[in-house]
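**Q** Quick one: the structure is below, and I'll ask about it shortly.
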Amino acid sequence: MWQAILIANRGEIVERVIKTCHELEIETVAVYSTADAKAPFVSKATQSICIGPAAANKSYLQPDNILQAMSISGAQALHPGYGFLSENAQFAQAVLDAGHVWLGPSPSCVHQMGDKLESKAVAVQAGVATVPGHDGVVETLSQALQLCNETIGYPVLLKALAGGGGKGMRVCYNDQDVKDAWTVSKAEALSFFNNDQLLLEKFIERPHHIEFQVLCGRKENGDLDVVVFPERECSIQRRNQKVIEESPSCLLTPETRQTMAEQVVRLCQATQYQSAGTVEFLVDEEQNFFFLEMNSRLQVEHPVTEAITGVDLVKGMLYVGAGWPLPDEFQRDGIIMPHKGHAVEARIYAEDPLRGFLPSTGPLSPYVEPSSAQNTPESYVRVESGVATGHLVSPYYDPMLSKVIYYDQTRAGAIAGLSQALDEYVIESVQHNARLVQSVLREPEFLKGNTPTSFLPTHYPDGFKGVKLGTSDLQELAAAAAVISDVRRTHFDRPSLGGQPNNSEVVVEQYLCDMTIDGVSRSVQVLGESNEGELKLQMYGADVIVTIQSEREYELSAHMHEPLKIDTSSLILSPMPGTLISYAVDEGDYVEEGQELCVVEAMKMQNLIRAPRAGTIGKCKVTVGNSLQADQLIMEYAKDDIHEAAAQALLAQKTNVVAGQDHL
């Protein structure tokens, strides 16, 4: 095959490709930015080469730097992973022109499928159902508003022409939504894909996001060999980015699955597609489906497909890139690859679901991944991550830390296994979304398989407020807390508070307590203890501060004063680390509640900061372009703005009265 492969990416996907290359006895070359110099993937490759500073547009998005690394390393082939330059047709062509092997589809296929307009046209010609919308690039805001009101009709989806992954994508229900989304979407599209062109199409409400993995190669006789895998359900999303994926879907009937697979084959044949790819659809509850896009690369969620089919998709990509027929494990009788069991994957992001999914940065300490000690071929956990204890989560890249996949013979078993794995997953010092995932896994509608893309806003209309434990859960947690406290007191040679319940067994390790209560296994995270004896515990994703007291201590606690609360109602604080991009107001301006104040960019996502209340802006404390820390003061209301707000409200009332008199 080849002596060495360079992987033009970072994090967990690099480690994933290294694993397969190691099994095939192929050397690997990792490239990295200065920010990733100590990342785990760098040391796991056979050799590694620095390609630039931390900013992605100066390292991972620099084709010349990567091609130079290819030349220095002597690697013969390049695997692009996903994101960054993986769907850049010019880069793919440059790799080929330099005499290397591009481990992906041809540059022409990458261009066809990466251009949303062209891919839709190809799909229509191939007989694939598509989403209605505007057939060209939307050039101006005024044109977008005209199309929304005169042609397409609300709701609409404004999205980037050149990319996916939810970047540059906004759902708009009225003219104001379009106006708000226009600038932000263009900026994100330019930042992620170096192309700020936008498309506009009808937004299909309450659909399921269903996708089909494909792997295409050549048979020995030269004919195209299209392997279609069982569909993945990817509908649990936030900001149009996937959070939970599973396979197979609970929605599709066998007839719909077969019809969609046949259309997938026609699309691949129409483009003479070779390598791994994913064809994405929106499917409504009546089984109507619409082609969304084709991603000409390996997907983040490919492990769920590997789990239920037993294949190695990276190995398949390498065989196709070498010009070989697909490995024997990909042989099948019909269109769709045979499968068994069920797999569920959770993407774990360094972001705070309690604060609108704002990115979180900092060192990971402690960091403990779920154990695979109990894995069997019929039921197992698989963790793919690109981080380790002490790893510094930076603001420069996508916030995904890892993927946790659980495979079992049934969907219920896979969900329960994933929940248990997340209970064992210790992530501290940064905020993360594992708590939200745990909450979703316990939702009755999720357990039933009712998971449209509107699932999160429907079930958390006011945002995620944390995992809510039921009465029995709280009783278990109380019992666990009593046992943990007693074990810790024994360890530190302190007086016991009364011993542990007779119906429990407990094994305490650092940060994790495995318990059996009434014959049921539980994992409780023990994340700290204050000087006052308060324990920070986590179970089912619920963070709980538990105070363990004797009866006398409990009686005396009623006489303690409440702690003082700090009033921040006049301060505008940065909700995340990032960069101040712009101000929308000036000092002295009067603002209404909800009015845009400024834009903060974090992990290449633009976040609008809005006024929490009406009032007059006093001082702007940060210069545009400067870095921000989480909770750093950006601006503040004028000290006398309360009187100003009251005067404005009184003026508004008088205006309304006068207007009413004029009307009469």
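The values are calculated or read from the model by the stated rules, or taken from the named source; none is laboratory data. The shown structure was predicted, so the numbers you read here are calculated from the model rather than taken from an experiment. Cβ placement follows ideal geometry from the backbone for every residue including glycine, while neighbour counts extend to all protein chains displayed.
**Q** Scan segment 456-473 for residues that are touching a helix residue (DSSP H, G or I) at 6+ places or on another chain (Cβ under 7 Å) and hydrophobic (A, V, I, L, M, F, W, C) and jot them down.
**A** Phe464, Val467, Leu469
**Q** Report yes if Val383 is under 20 Å from the mean Cα position of the chain (by Cα) and either outside the structural domain of Glu345 (by TED's automatic domain parsing) or in a loop (DSSP other than H, G, I, E, B) (or both), otherwise no.
**A** Taking the combined requirement at face value, the residue does not satisfy it.
**Q** Of the residues that make up segment 276-291, is at least one in contact with a Gly (Cβ under 6 Å, 6 or more places away or on another chain), surrounded by fewer than 24 Cβ atoms within 10 Å (Cβ to Cβ) and assigned by TED's automatic domain parsing to the domain that holds Asp408?
**A** no
**Q** Something else now. What tally of residues in segment 420-430 results from selecting those that are surrounded by fewer than 23 Cβ atoms within 10 Å (Cβ to Cβ) and assigned to a helix (DSSP H, G or I)?
**A** Number satisfying all stated conditions: 2.
**Q** Ile348 - would you say it is in the same structural domain as Thr451 (by TED's automatic domain parsing) and in a helix (DSSP H, G or I)?
**A** no
Rundown of residues vs (1) assigned to a strand (DSSP E or B); (2) assigned by TED's automatic domain parsing to the domain that holds Gln629; (3) crowded, with 22+ Cβ neighbours inside 10 Å, yes/no style:
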| site | (1), (2), (3) |
| --- | --- |
| Thr389 | no, no, no |
| Ser402 | yes, no, yes |
| Ala414 | no, no, yes |
| Leu418 | no, no, yes |
| His432 | no, no, yes |
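**Q** OK, next. Identify all residues within segment 611-622 that are under 26 Å from Val393 (Cβ atoms) and either surrounded by fewer than 17 Cβ atoms within 10 Å (Cβ to Cβ) or outside the structural domain of Leu633 (by TED's automatic domain parsing) (or both); write none if there are none.
**A** Listed by number, the list holds a single entry, Lys621.
**Q** When the residues of segment 535-561 are narrowed to those that are in contact (Cβ under 8 Å) with a residue 12 or more places away in the chain and small (Gly, Ala, Ser), which ends up surrounded by the most Cβ atoms within 10 Å (Cβ to Cβ)?
**A** The qualifying residue surrounded by the most Cβ atoms within 10 Å (Cβ to Cβ) is Gly541.
**Q** Could you tell me which residue of segment 197-213 is nearest to Ile336 (Cα to Cα), considering only residues that are surrounded by fewer than 22 Cβ atoms within 10 Å (Cβ to Cβ) and out of contact with any Leu (no Cβ under 8 Å at 6 or more places or on another chain)?
**A** The selected residue is Arg206.
**Q** Are any residues in segment 449-472 free of Cβ contacts under 8 Å to residues at least 12 places away in the same chain and either acidic (Asp, Glu) or not in a loop (DSSP other than H, G, I, E, B) (or both), and if so, which ones?
**A** Pro457, Thr458, Asp462, Thr471, Ser472
**Q** Does segment 523-534 hold any residues that are of a type outside the set (Val, Ile, Thr), buried (at least 17 other Cβ atoms within 10 Å of the Cβ) and out of contact with any Lys or Arg (no Cβ under 9 Å at 6 or more places or on another chain), and which are they?
**A** Within segment 523-534, just Ser523 meets the criteria.
**Q** Return yes when Gln90 is polar (S, T, N, Q) and either in the same structural domain as Val314 (by TED's automatic domain parsing) or crowded, with 19+ Cβ neighbours inside 10 Å (or both) and no when it is not.
**A** Taking the combined requirement at face value, the residue does not satisfy it.
**Q** Looking at the structure I just gave you, is Ala55 surrounded by fewer than 21 Cβ atoms within 10 Å (Cβ to Cβ), under 23 Å from the mean Cα position of the chain (by Cα) and within 24 Å of Ala189 (Cα to Cα)?
**A** Answer is yes for this residue.
**Q** Also: Provide a single number: the residues in segment 541-551 that are assigned to a loop (DSSP other than H, G, I, E, B) and either among the hydrophobic types (A, V, I, L, M, F, W, C) or within 14 Å of Cys513 (Cβ to Cβ) (or both).
**A** Number of matching residues: 1.
**Q** Yes or no: segment 323-330 includes at least one residue that is surrounded by 23 or more Cβ atoms within 10 Å (Cβ to Cβ) and outside any loop (DSSP other than H, G, I, E, B).
**A** Scanning segment 323-330, I find no residue that is surrounded by 23 or more Cβ atoms within 10 Å (Cβ to Cβ) and outside any loop (DSSP other than H, G, I, E, B), so the answer is no.
**Q** Follow-up question, since we're still on this one. Can you find a residue that is over 15 Å from Leu573 (Cβ atoms), part of a strand (DSSP E or B) and modelled with pLDDT of 90 or more anywhere in segment 623-645?
**A** No, segment 623-645 contains no residue that is over 15 Å from Leu573 (Cβ atoms), part of a strand (DSSP E or B) and modelled with pLDDT of 90 or more.
**Q** Moving to a separate point now. Give me a count of the residues in segment 204-220 that are touching a strand residue (DSSP E or B) at 6+ places or on another chain (Cβ under 6 Å) and under 18 Å from Ala129 (Cβ atoms).
**A** Final tally of qualifying residues: 8.
**Q** Can you tell me how many residues within segment 212-253 are over 21 Å from Gln331 (Cα atoms) and not hydroxyl-bearing (Ser, Thr, Tyr)?
**A** 16
**Q** Quick one: in segment 21-52, which of the residues that are over 28 Å from Gly316 (Cα atoms) and among the charged types (D, E, K, R) is surrounded by the most Cβ atoms within 10 Å (Cβ to Cβ)?
**A** Asp36
**Q** Name, by its number, the condition in (1) out of contact with any Ser or Thr (no Cβ under 6 Å at 6 or more places or on another chain); (2) at pLDDT below 90; (3) of a type in the set (Lys, Arg) that does not hold for Lys619.
**A** With (1) out of contact with any Ser or Thr (no Cβ under 6 Å at 6 or more places or on another chain); (2) at pLDDT below 90; (3) of a type in the set (Lys, Arg) applied to Lys619, the lone miss is (2).
**Q** Of all residues in segment 357-380, which are in a strand (DSSP E or B), over 30 Å from Ile609 (Cα atoms) and not hydrophobic (A, V, I, L, M, F, W, C)?
**A** Tyr367, Thr376, Ser379, Tyr380
**Q** Could you check how many residues of segment 529-569 are over 31 Å from the mean Cα position of the chain (by Cα) and within 30 Å of Ala611 (Cβ to Cβ)?
**A** Of the residues in that region, 7 qualify.
**Q** Within segment 331-347, restricting attention to residues that are farther than 19 Å from Asp408 by Cβ, in contact (Cβ under 8 Å) with a residue 40 or more places away in the chain and surrounded by fewer than 16 Cβ atoms within 10 Å (Cβ to Cβ), which residue is nearest to the chain's Cα centre (by Cα)?
**A** Applying the filter and picking the extreme gives Ile335.
**Q** Which of (1) surrounded by fewer than 19 Cβ atoms within 10 Å (Cβ to Cβ); (2) over 24 Å from the mean Cα position of the chain (by Cα) does Asn194 not meet, given it meets every other one?
**A** (2)
**Q** Follow-up. Out of the residues in segment 349-385 that are polar (S, T, N, Q) and in contact with a helix residue (DSSP H, G or I) (Cβ under 8 Å, 6 or more places away or on another chain), which is surrounded by the fewest Cβ atoms within 10 Å (Cβ to Cβ)?
**A** Applying the filter and picking the extreme gives Ser379.
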